[in-house]
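What follows is a single structure, and I will ask about it in a moment.
The values are calculated or read from the model by the stated rules, or taken from the named source; none is laboratory data. Not measured: the values here are computed from a predicted model. Cβ sites come from the backbone with ideal geometry, for glycine too, and all protein chains shown count toward neighbours.
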Amino acid sequence: MSVEQRASAAERILAARERYVPRGVATPALVVARAEGARVWDVDGREFLDFAGGIACQNLGHGHSTVVAAIHEQVDRYLHQCFMVGTYEPYIEVCRRLDELWPGDAETKSILVNSGAEAIENAVKIARAATGRAGVVVFDRAFHGRTSLTMAMTAKLVYKDGFGPLATDVYRAAAPYPFRGVSTEDALASLELLFKQDVAPESVACFVLEPVQGEGGFIPMPPEFVQALRRICDEHGIVYVDDEVQAGCGRAGTMWAIEQLGVEPDLLVSGKTLGGGLPLAGVTGRAELMDAVHVGGLGGTFGGNPVACAAALAVLDALAEPGFAERAAQIGSHLRARLEEIAAHQPLVGEVRGLGPMLALELREPTPDAAKATTAAAFAKGLLLLACGLDGNVIRLLPPLTTADEELERGLTLLEESLGDAGADRG
Ligand SMILES: Cc1ncc(COP(=O)(O)O)c(C=O)c1O
């Protein structure tokens, strides 16, 4: 038998990946064959519990029956029209549902695009068209995407190093991070300084903020910070853009995380779970802002693809069911209680934090080593886990919000053991 034949299916596919896909796209060791609910099987038949959820795209779990059925139905009807060539109802219906689900009183309109980054780009275009201003204010540890504009808005070197020149008119202020000593007052003072040093508030089109910072380390924004930003926006005619790409669609326990922060945004950006696994993202906002852009100024070939829209309608129905919110709340309290328990006796852990069931552990050391060792140990035990944070030292939990108690408990036990292994490795 040749060496090639003896290699596992995963090894063979990963070797081909090495040959044909550039290293810039980071790839884990997992090679997926199928997935269902909170479980994933690899091409060699190994089963994994999925606490990564396709980075928050699977809040409803893999292969949710009504989402899959809606996709099948739409596939048989028509696949692609291009919304600017032949309009179709599923797109309009998603926009109508997003209006119903708007976290506030405003009358809204929406556009649909292919990715979170594209949606953020469009939100900035809309804010600029509506205000006639160029400035975009973003915050420390933000992640808004990898396109030319959004990499300038994102606050982590790996996503932008060597890819310049970066977009201009993007300004950064501090965001609260209590665990590392940055209070709401500190963050607001940094914004005040920004207004004196770099850009006048009258030149700012929008603030863009994640209600719970995702890639930046699952840091929930304090309600008083978000409310203060809202007041500053109102005072200076700045558009408040709420980036719910990761924290939205039920991840933090409510449809939109900002519902828990007591603020109505001007524009809300959704993505990830919205398409149930198909590429779909949206910008929803006050109708007069959305209509500030001239005819033809928004759009794209695949944006709001009918199959992705059909999936989204089923996703939004499932997320709006009272049973979903109830289960999400139960999962949130179960996870938090167990993470606190783990933190109490695991010296690697510095803080448990998050909002609702969007939870993470920040490890004490601001280096990625222990988090990497933990996710690697978890993988070896059959648990998919992701790290995040500017220092790569935060372990975030993104299990589907439909995960069964037994699976949650098993995943938490594997997490605890993996932290134990990482701690032991580090002496
Ligand atoms: C908060 C936030 N905004 C924007 C994006 C970009 O979304 P996409 O990867 O779909 O372009 C992400 C992706 O992780 C995100 O977490």
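When region 249-263 is examined, which residues are found to be outside any helix (DSSP H, G or I) and either among the polar types (S, T, N, Q) or touching an Asp or Glu at 6+ places or on another chain (Cβ under 7 Å) (or both)? Working first, answer last.
First, the residues of region 249-263 that are outside any helix (DSSP H, G or I): 249-256, 261-263.
Across region 249-263, the qualifying residues are Thr254, Trp256.
Rundown of residues vs (1) modelled with pLDDT under 95; (2) small (Gly, Ala, Ser); (3) farther than 21 Å from Pro279 by Cβ, yes/no style:
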| residue | (1), (2), (3) |
| --- | --- |
| Ala33 | no, yes, yes |
| Ala52 | no, yes, no |
| Ile55 | no, no, no |
| His62 | no, no, no |
| Val67 | no, no, no |
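Go through region 78-132 residue by residue and tally those that are among the polar types (S, T, N, Q), under 15 Å from Pro279 (Cβ atoms) and in a helix (DSSP H, G or I).
To start, the set of residues in region 78-132 that are among the polar types (S, T, N, Q) comprises 81, 87, 108, 110, 114-115, 122, 131.
Still in the running and under 15 Å from Pro279 (Cβ atoms): 114-115, 122.
Narrowing further to those that are in a helix (DSSP H, G or I): 122.
The total comes to 1.
Only one of (1) within 15 Å of the ligand (Cβ to nearest atom); (2) in a helix (DSSP H, G or I); (3) within 16 Å of Arg141 (Cβ to Cβ) is not met by Gln246, so which one is it?
(2)
Out of (1) within 16 Å of the ligand (Cβ to nearest atom); (2) in contact with a Lys or Arg (Cβ under 8 Å, 6 or more places away or on another chain), the odd one out for Val204 is which?
(1)
Check off (1) within 16 Å of the ligand (Cβ to nearest atom); (2) not in a strand (DSSP E or B) for Asp161 and give me the number that stays unchecked.
Status for Asp161: all satisfied but (1).
Determine the pairs where a residue that is under 18 Å from Arg96 (Cβ atoms) and in a helix (DSSP H, G or I), located within region 269-286, has a partner that is modelled with pLDDT under 95 and within 12 Å of the ligand (Cβ to nearest atom) with Cβ atoms under 7 Å apart, the partner being 6 or more residues away or on another chain.
Going by the 7 Å Cβ cut-off, there are no qualifying pairs.
Would you pick out the residues in region 208-224 that are buried (at least 22 other Cβ atoms within 10 Å of the Cβ) and more than 10 Å from the ligand (Cβ to nearest atom)?
Start the filter on region 208-224 by keeping residues that are buried (at least 22 other Cβ atoms within 10 Å of the Cβ), which leaves 208-221.
Answer for region 208-224, where residues must be buried (at least 22 other Cβ atoms within 10 Å of the Cβ) and more than 10 Å from the ligand (Cβ to nearest atom): Gly217, Phe218, Ile219, Pro220, Met221.
If you take the residues in region 37-72 that are within 16 Å of the ligand (Cβ to nearest atom) and either aromatic (Phe, Trp, Tyr) or not in a loop (DSSP other than H, G, I, E, B) (or both), which one is surrounded by the fewest Cβ atoms within 10 Å (Cβ to Cβ)?
Taking region 37-72 first, the residues within 16 Å of the ligand (Cβ to nearest atom) are 52-59.
When the remaining residues are screened for being either aromatic (Phe, Trp, Tyr) or not in a loop (DSSP other than H, G, I, E, B) (or both), the result is 53-56.
Details: Gly53: 25, Gly54: 18, Ile55: 15, Ala56: 23.
It comes out as Ile55.
Please work out which one of (1) surrounded by 16 or more Cβ atoms within 10 Å (Cβ to Cβ); (2) modelled with pLDDT under 95 is the condition Thr27 fails and give its number.
(1)
Given the criterion loosely packed, with under 11 Cβ neighbours inside 10 Å, acidic (Asp, Glu) and under 26 Å from Leu298 (Cα atoms), identify the matching residue among Asp99, Asp105, Asp76. Talk me through it step by step, then tell me what you get.
Details: Asp99 fails: loosely packed, with under 11 Cβ neighbours inside 10 Å; Asp76 fails: under 26 Å from Leu298 (Cα atoms).
From the options Asp99, Asp105, Asp76, the qualifying one is Asp105.
Let me ask you something else. Would it be correct to say that Leu267 is buried (at least 21 other Cβ atoms within 10 Å of the Cβ), near the ligand (Cβ under 10 Å from one of its atoms) and hydrophobic (A, V, I, L, M, F, W, C)?
On the way: buried (at least 21 other Cβ atoms within 10 Å of the Cβ): yes; near the ligand (Cβ under 10 Å from one of its atoms): no; hydrophobic (A, V, I, L, M, F, W, C): yes.
Judged against the criteria, Leu267 is not a match.
Cβ contacts < 7 Å: first residue of a type in the set (S, T, N, Q), restricted to region 237-259; second residue within 12 Å of the ligand (Cβ to nearest atom), any location; separation 6+ or different chain. Result?
That search, which allows pairs on different chains as well, returns Gln246/Ala56; Gln246/Glu210; Gln246/Gly214; Gln246/Lys272.
Also, quick follow-up: Tell me which of these Val352 doesn't satisfy, since it passes every other one: (1) of a type in the set (A, V, I, L, M); (2) closer than 21 Å to Asn59 by Cβ; (3) in a helix (DSSP H, G or I).
Condition (3) is where Val352 drops out.
Please go through (1) crowded, with 21+ Cβ neighbours inside 10 Å; (2) among the polar types (S, T, N, Q); (3) within 16 Å of the ligand (Cβ to nearest atom) for Ser110 and return the number of the only condition it doesn't satisfy.
The single condition Ser110 does not satisfy is (3).
Which numbered condition in (1) within 30 Å of Ala38 (Cα to Cα); (2) surrounded by fewer than 24 Cβ atoms within 10 Å (Cβ to Cβ); (3) charged (D, E, K, R) is the only one that Lys272 fails?
(2)
Only one of (1) farther than 19 Å from Lys381 by Cβ; (2) at pLDDT 95 or above is not met by Met84, so which one is it?
(2)
Now a separate question. Pairs needed: first member in region 130-157, within 16 Å of Val241 (Cα to Cα) and within 9 Å of the ligand (Cβ to nearest atom); second member anywhere, among the hydrophobic types (A, V, I, L, M, F, W, C) and part of a helix (DSSP H, G or I); C-beta distance under 6 Å; at least 6 residues apart or different chains.
Sorted first by the residue in region 130-157, then by its partner, the pairs are His144/Ile120; His144/Met153; Gly145/Ala117; Gly145/Ile120; Thr150/Ala117; Thr150/Ile120.
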